[in-house]
Amino acid sequence: MKAKHTYRGVVMRTDPSRLRVAARPAPPPVAPSAARVRVGREVSGRGGKGVSVITGLPLAGAELEALATRLKKHCGAGGAVKEGTIEIQGDHRDRLVAELLKLGYEARRSGG
């Protein structure tokens with residue numbers, strides 16, 4: 001029998017068939033002008049470094065990644081896509097709102 005991998009007495013599961021993945025239903029397609037897109041700024045959990053967070057986009061998967069790449073290039077900054085939101089490093093809220101409006105999204109700035 002193969003020995004189980006442990007870390008300080010905790011058994012680590014490596015069998016992919018036993019992993020539990022929460023299945024989220026895909027959101028229904030929404031026209032870009034009908035979506036409620038918000039661009040805010042967050043610093044919590046990032047050691048005081050601020051990021052611009054875009055929420056409410058009616059996109060999923062590859063489309064969201066493509067939009068994130070376009071916005072990161074427009075701002076000249078790094079970023080990531082996490083759980084359906086786009087995070088751009090730095091405070092680029094005004095620039096992001098202008099670009100999203102140009103793309104046809106009804107984007108608004110949120111927060112202070």
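The values are calculated or read from the model by the stated rules, or taken from the named source; none is laboratory data. None of the values given here were measured: they were computed from a predicted structure. Counting neighbours? That spans all protein chains shown, and the Cβs are built from the backbone with ideal geometry, glycine included. Keep in mind that these areas ignore ligands, DNA and RNA; they rest on the heavy atoms of the full protein, side chains included. Shrake-Rupley method; radii C 1.70, N 1.55, O 1.52, S 1.80 Å.
Quick notes on this structure:
- Residue match in the range 47-55 (condition: over 13 Å from the mean Cα position of the chain (by Cα), modelled with pLDDT of 90 or more and open to solvent by less than 30 Å² (accessible area, probe 1.4 Å)): yes
- Looking only at the range 21-42, and only at residues there that are open to solvent by 60 Å² or more (accessible area, probe 1.4 Å) and farther than 16 Å from Gly84 by Cβ, the one that is modelled with the lowest pLDDT: Ser33
- Residue within the range 62-74 that is over 15 Å from the mean Cα position of the chain (by Cα) and part of a helix (DSSP H, G or I) present: yes
- Checking each residue in the range 47-64 for being free of Cβ contacts under 8 Å to residues at least 24 places away in the same chain, in contact with a strand residue (DSSP E or B) (Cβ under 9 Å, 6 or more places away or on another chain) and not small (Gly, Ala, Ser) picks out only Leu64.
- If the condition is being within 17 Å of Ala107 (Cβ to Cβ) and open to solvent by less than 60 Å² (accessible area, probe 1.4 Å), then the range 67-80 contributes Leu67, Ala68, Leu71, Lys72, Cys75, Gly79.
- Considering (1) assigned to a helix (DSSP H, G or I); (2) open to solvent by 30 Å² or more (accessible area, probe 1.4 Å), the lone condition that Gly111 does not fulfil carries the number (1).
- Within the range 56-66, tally of residues that are open to solvent by 50 Å² or more (accessible area, probe 1.4 Å), small (Gly, Ala, Ser) and under 20 Å from Glu106 (Cβ atoms): 2
- Residue in the range 83-94 that is more than 15 Å from the chain's Cα centre (by Cα) and either farther than 17 Å from Ser110 by Cβ or open to solvent by 80 Å² or more (accessible area, probe 1.4 Å) (or both) present: yes
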